[in-house]
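Bear in mind that the values in this text are calculations on the coordinates, not laboratory data. Quick caveat: nothing in here was measured; it's all calculated off a predicted structure. Because the Cβ atoms are built from the backbone with ideal geometry, glycine has one as well, and the counts that use them run over all protein chains shown.
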Amino acid sequence: MSVSLQLAQSLLAILLAPLLMGWVNQCRAWLQGRTAPPITQPYRTLRKLFLKDAVIAHHASPLFRFAPYMIFACMALAAGIVPTIANDLPFSPAADVIALVGIFALARVFLALAAMDIGTAFGSLGARREMLVSFLAEPALLMVFFTASLISQSTELPVIVQTLALQEFAIYPSLAFAAVAFWMISVAENARIPVDNPSTHLELTMIHEAMILEYSARHLALIEWAVALKLFTYSALGIALFLPWGIAAQGDIAALPLALVAMVAKLLIGGAVLAFIETISAKVRLFRAPEFLGTAFLLAVLGMLIHFLLEV
Amino acid sequence: MQIGEHDWHLDPFGRHIWRGRMEAGQLLALARAVKEEGGQLVALWGSDDRHLDGGFAIHAAFLTGAGLAWASSALPAEAPAYPDLAHIFPQADRMQRATFDLLGITASEAVDERKWLRHGAWPANVFPLRRDFDPSLPPIHDTDAYPFIRVEGDGVHEIPVGPIHAGTIEPGHFRFSIIGERILRLEQRLGYTHKGTEKRFEGMDLATGAKLAGRVSGDSHSAYAWAYCMAVESATASAVPERAVWLRALFLEIERIANHLGDLGYLGNDVALGFGFMQFWRLKEDWLRLSAKLFGHRYLFDCIVPGGVAKDIDDGGRAELAAEADRIEAEVRSLKAIYDDHATLQDRFANTGIVKPDLAARLGLTGLAGRASAQAWDARAQFPQAPYDQLDVSMATQRRGDVLARAEVRFAEVTESLRLIRALLTRLPAGELHAPLAPVAAVCEGVGWVEGWRGEVVVAVRIGADGRLDRVHPHDPSWQNWPLLEIGVLGNIVPDFPLINKSFNLSYSGQDL
């Protein structure tokens, strides 16, 4: 039973992740006063890319071809681990939050290696910038997870969710700090404004896009899909850590429909908020990104201190 | 005409325009005198005059305290050479190299003798702008092999960008030498849109010439078309009806506003403020559609013709344009408030891509970008042709020389141009739109000088005795400003380059010809 639930949740995440991307793009368009593309636009893009023939540089090594599959697999696995609708599914014990950070890092390593593989200037430029951003984001993300895990005394996601969602309601000021820090890290990790601009055509300003400039067709489709999955996973993670109410407890089939509705509602609101913040923000100068992530790290540390001061 | 202590025998050649011929050696002395007086070199070009007087000629247009001075020197048919002007006016460097590529006229003792406009399409010993050039020669497909200047040292890295870019923009190659993200050197390689425009003018009739001139750089159509018509009208000593002149100014100001609105949007887009981009482009689109409705073309193509204008505006159109001007002004004011209050945007704009005033003066930064670096030249304000002499144009200047300053100049010029449009509409004189050109009896010359949105556009024209165009040289302000972009980005970081580039927004087509 729980295995089929796990499979259903993983599949749902993989299939619906582009929808979240489409929703964010729609909200952005509305907020900018444009006519919005249909919410299914990301699927059309994926279909188009899958139908195209791949163009690969002569110098590309097998790593370049392999990386998109690896990146997609990492993100699909991560999406399966994070509780979205039901808690404590079979995949969850496979990795705690620390291992989750490791899975993200693995995908990033492959992306950066693939970017440098062909040896174009933009690829290595993007890889270098990605490393600059991520080596600052990763410790901050770990600090956020530690803060959240201090409350539940566990780094296992199901336990954290269980503690917050399904037990007696309590207000944790430390989580407010951690939540803001988590939002800032998510923005940086998902290559969104104000750290990166997902919709730019200016090669010299790109971070994430610069790394995938050489990809086409099915490879690009897998990476784009992985990007959507990453955004979905981060959103689900944020919801699980900071707004887990409504999630179905283990084995509670009856609560599933409500959990699904709650999840969709939270994602819709979260996507709209993301689009709103992106619309009113401009991209910061590249060397302000460390300040941005430094602030995130500081907030996460503050959250932890507050936990020790007020909540123990 | 007196410059410094010497009389250079330059004769009045139109309003604020002077013309003279001199020995090639004297040209150098004139350049020095202009430089000492605080003037600038505007344009430098050559011509093949072997069918007229048996030799070549080199021409230079200087901006002086009394206006535009056009000086020419005849050069021998064999091994034509003139003294290098680039050591006085650095902006001459690329113009000299292009003159050699097209005509084989050498600047003696020039420091930089590399090719400029010639890529791999024609051999080094063939000069396409010469009269005896054989256009039936098959194009060669040689590799470009352009000797870029390399920066060497530990950790120095080269990024080649373009000529094909990810966005829909004109082609140009940028070679960055960087260390980390810091730009140590930028070298441009342009000429990818060389179309042989100047060659195409040869033998063209005067009316068709106006169409071609307007297409030298499409975003400056009215500026080029007006400058060309001004040149042709001055060469043929033809009078233009007053209403036509006022309508030309109206077209030029409409063009300025359209471009400034677009650029202000792009500047927002380049810092990922999609909102600003969309809002300014909405305004630009409304503006273009109104142009299409009133004058039949979104970018006012072919509205200016030799002898006058081809389109008129009626009372209904005047009211509509004035109402739209009011609306745009209000909207731009509120959008400016948003830009002004946006901390991240201001942080990106301020102190980015600085060109200091003294450097701008030394290297000849001109036009809009020049005014943002305290180079207070605006032909509409200082050397006004009709109808600007009755409009009292106020010039927008800034001293900071950064992206913010260039944005501020655009904002100020949008407001001023809207004021000018209202004044032009209210005081538009009645009368004819068009008068026939006076017939041409002998070889004659003329020059047109118009302050386009990017800077001064100069078109020099020589008409043959048969009444057809003999030599036309359109000059774009981008010639002077491209090298300053190379300097302006030094010490900035690579991801700020697109923003700095956009704040100049220079023409490729206009300088590649």
If a/c stays under 1.5 just call it rounded; otherwise compare a/b with b/c (prolate if a/b is bigger, oblate if not). Do that for the range A:2-311, with a ≥ b ≥ c from the square roots of the Cα gyration tensor eigenvalues. prolate
With a cut-off of 18 Å, note down the residues of the range B:381-419 whose backbone N falls inside the zone around a label point 7 Å from the Cα of B:A322 toward its beta carbon. B:391, B:416-419
Just the Cα atoms of the range A:194-262: what Rg and Dmax do they give in Å? 17.6, 52
Relative contact order of chain A, pairs being alpha-carbon contacts under 8 Å that are 6 or more residues apart, as %: 31
For peptide B:149-156, compute the average count of partner chain beta-carbon atoms within 10 Å of each residue's beta-carbon. 0
If you build a Gaussian network model of chain A, linking Cα atoms that sit under 10 Å apart, which residue out of A:S152, A:S134, A:S186 swings the most? A:S152
Counting sequence-distant residues (5 or more places) and residues on other chains, those with an amide H built under 5 Å from that of B:T106 are B:A81, B:Y82
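Based on the Cβ-Cβ distance from A:R65 to B:N351, what FRET efficiency comes out when R0 is 35 Å, to the nearest 0.05? Please report the intermediate quantities before stating the final value.
Working: r = 44 Å, r/R0 = 1.26.
Result of the calculation: an efficiency of 0.20.
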Can you tell me the length gained on complete extension of the stretch B:A237 to B:I179, counting 0.36 nm per residue apart and subtracting the Cα distance? 15.1 nm
B:I164-B:T143 FRET efficiency (beta carbon distance; Förster radius 22 Å; 0.05 resolution): 0.85
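So what's the range A:1-90 giving for Rg/Rh, alpha carbon basis, Kirkwood Rh from the mean inverse pair distance? It would help to have the intermediate numbers written out before the result.
Details: Rg = 17.0 Å, Rh = 15.8 Å.
Over the Cα atoms of the range A:1-90, Rg/Rh equals 1.08.
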Expressed as a whole number, the average count of other chain Cβ atoms within 10 Å around the Cβ atoms of B:379-389 is 0
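Over the Cα atoms of the protein assembly as shown, what is the Rg over Rh ratio if Rh follows Kirkwood? Provide the component values of the computation, followed by the final result.
On the way: Rg = 31.5 Å, Rh = 29.8 Å.
Ratio of gyration radius to Kirkwood radius: 1.06.
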When B:E202, A:E278 are arranged by how many other beta-carbons sit within 10 Å of their Cβ, fewest first, they go B:E202, A:E278
Starting from the 7 Å offset along Cα-to-Cβ, what nm value, one decimal, do you get for the label separation of A:F135 and A:V261? 4.9
Just how many % of Cα pairs in the range A:205-312 lie over 16 Å apart, if you round to the nearest whole percent? 76
Rounded to a whole number of µm²/s, how large is the Stokes-Einstein D of the range B:2-108 at 20 °C and 1.002 mPa s, given Rh as the Kirkwood radius over C-alpha pairs? 156
Where does each of B:K502, B:K195, A:K283 land when they are ranked from fewest to most other beta-carbon atoms within 10 angstrom? B:K195, B:K502, A:K283
Based solely on C-alpha atoms, express the radius of gyration and the Dmax of chain B in angstrom. 22.4, 70
Once both labels are modelled 7 Å past Cα along the beta-carbon direction, what's the A:A170-B:R289 spacing in nm? 6.0
Amide H to amide H under 5 Å from B:A435: which residues, 5+ apart in sequence or cross-chain, H placed 1.01 Å off N in plane? B:G308
Using θ = phi - 60° and Karplus 6.51 cos²θ - 1.76 cosθ + 1.60, couplings along the range B:160-172 (whole Hz; Gly, Pro as x): x, 10, x, x, 8, 10, 6, x, 7, 10, 6, x, x
Under Karplus coefficients 6.51, -1.76 and 1.60, residue-wise ³J(HN,Hα) of the range A:122-139 in Hz, glycine/proline x: 5, x, 6, 4, x, 4, 5, 5, 4, 5, 4, 5, 6, 6, 8, 6, 4, x
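Are there DSSP H segments in chain B that both extend 24 Å or more along their axis (alpha-carbon positions) and score a mean Kyte-Doolittle hydropathy of at least -0.5? List them, or say none. Could the numbers behind the result be given before it?
On the way: long enough: B:242-270 (42 Å, -0.01); B:274-295 (31 Å, -0.03); B:315-341 (39 Å, -0.62); B:403-427 (36 Å, 0.44).
Span-like helices in chain B: B:242-270, B:274-295, B:403-427.
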Need the C-alpha centroid separation for the range A:152-216 versus the range B:362-383, integer Å. 48
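Between B:H297 and B:V151, what FRET efficiency follows from the Cβ-Cβ distance if R0 is 56 Å, with the result rounded to 0.05? It would help to have the intermediate numbers written out before the result.
Working: r = 46 Å, r/R0 = 0.83.
E(calc), rounded to 0.05, equals 0.75.
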Which of A:F276, A:F297, A:F287 ends up with the largest GNM mean-square fluctuation for chain A, with Cα atoms connected below 10 Å? A:F287
Distance in nm between A:L309 and B:R422 label points, each 7 Å along Cα→Cβ, equals 5.7
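By how many nm would the segment from B:R282 to B:S136 grow when fully extended, if each residue of separation counts as 0.36 nm and the alpha-carbon distance is taken off? Provide the component values of the computation, followed by the final result.
Details: separation 146, 0.36 × 146 = 52.56 nm, distance 4.69 nm.
Full extension from B:R282 to B:S136 adds 47.9 nm.
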Relative to a virtual label point 7 Å from the Cα of B:E331 in the Cα→beta-carbon direction, which members of the range B:283-302 show backbone nitrogen distances below 14 Å? B:283-291
Does the range B:190-329 classify as rounded, prolate or oblate by the C-alpha gyration tensor (a ≥ b ≥ c root eigenvalues; a/c under 1.5 gives rounded; else a/b over b/c gives prolate, otherwise oblate)? oblate
Between the range B:185-253 and the range B:42-85, what's the alpha-carbon centroid distance in Å? 20
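Given an 8 Å cut-off on Cα distances and at least 6 residues of separation, report the relative contact order of chain B as a percent.
Details: 1043 pairs, mean separation 87.2, N = 513.
That works out to 17 percent.
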Order of B:C444, A:C74 - criterion: other Cβ atoms within 10 Å of each residue's Cβ, fewest first: B:C444, A:C74
Phi-derived 3J(HN,Hα) across the range B:439-449 with the Karplus relation (6.51, -1.76, 1.60, θ = phi - 60°), rounded Hz, x for Gly and Pro, is x, 9, 9, 9, 4, 9, 10, x, 9, x, 9
